[in-house]
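Everything below concerns the one structure shown next.
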Amino acid sequence: ALDGFASIEPYKPEHVSEDKPEQTSIEKKPTVISVAGCCNRIGTTTQALQIIKYLQFLGHKAAYIQLNDSEYVQKAAGLYSAEDIDRSLGRVTLNGTDLYSKPDQIAEIRGMGYEYLVYDFGSFSSKSFNLIQFLEKDIRIIVGGDSPRIRCYAGCFPLTHTAKQYILYFQLCP
């Protein structure tokens with residue numbers, strides 16, 4: 001999912017300084033984006049990574065946090081040439097993107113200066129899906145589709161909040 005962006009340089013607006021601002025006693029919390037799919041293999045991880053690469057392209061510091069059973073981070077580390085691996089944090093850096101696989105390290109990761117953290121919850125039909133955690137995030141995205149196989153999942157997500165509180169991304173499938 002990251003290979004297509006390897007050669008694109010991030011956009012650096014002229015008004016953004018490369019200098020780090022002075023540290024203050026109150027650190028700004030990162031904006032947390034939660035991404036969940038309506039079913040397995042719908043492209044939730046791909047969309048989470050696309051969001052991160054877009055934010056990086058705009059000059060923001062963003063990272064991926066795996067909160068599902070897919071083992072994507074571990075598998076990607078084995079398939080691609082990782083720039084950096086930190087086993088204690090569960091971090092793998094691929095093409096300039098930090099991918100984390102240890103949810104128990106989230107408190108430490110939140111203090112690492114990221115402006116955005118994208119949490120990949122996987123499929124909400126999974127037994128490990130945590131609805132409360134998903135709903136608590138700043139921005140919530142549900143990845144869906146439009147094929148007959150996927151439409152049957154449309155009623156599975158317990159929408160207890162108004163539709164305005166969600167960003168719905170539907171992949172058009174034949």
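Throughout, read-outs are computed from the coordinates displayed, never taken from laboratory work. No experiment lies behind these values; they were computed from the predicted model shown. Note: ideal-geometry Cβ built from the backbone for every residue, glycine included; neighbour counts use all protein chains shown.
Compute the FRET efficiency between residue 79 and residue 128 as 1/(1 + (r/R0)^6), taking r as their Cβ-Cβ distance and R0 = 25 Å, and round to the nearest 0.05.
The computed FRET efficiency comes out at 0.60.
Quick check: net charge around residue 70, other residues with Cβ under 12 Å of its Cβ, Lys/Arg +1 and Asp/Glu -1?
Every neighbour counted, the sum reads -1.
Could you tell me whether the stretch 32-83 comes out rounded, prolate or oblate from its Cα gyration tensor? Rule is a ≥ b ≥ c as square roots of the eigenvalues, rounded for a/c under 1.5, then prolate if a/b exceeds b/c, otherwise oblate.
It is oblate, given that a/c is not under 1.5 and a/b is not larger than b/c.
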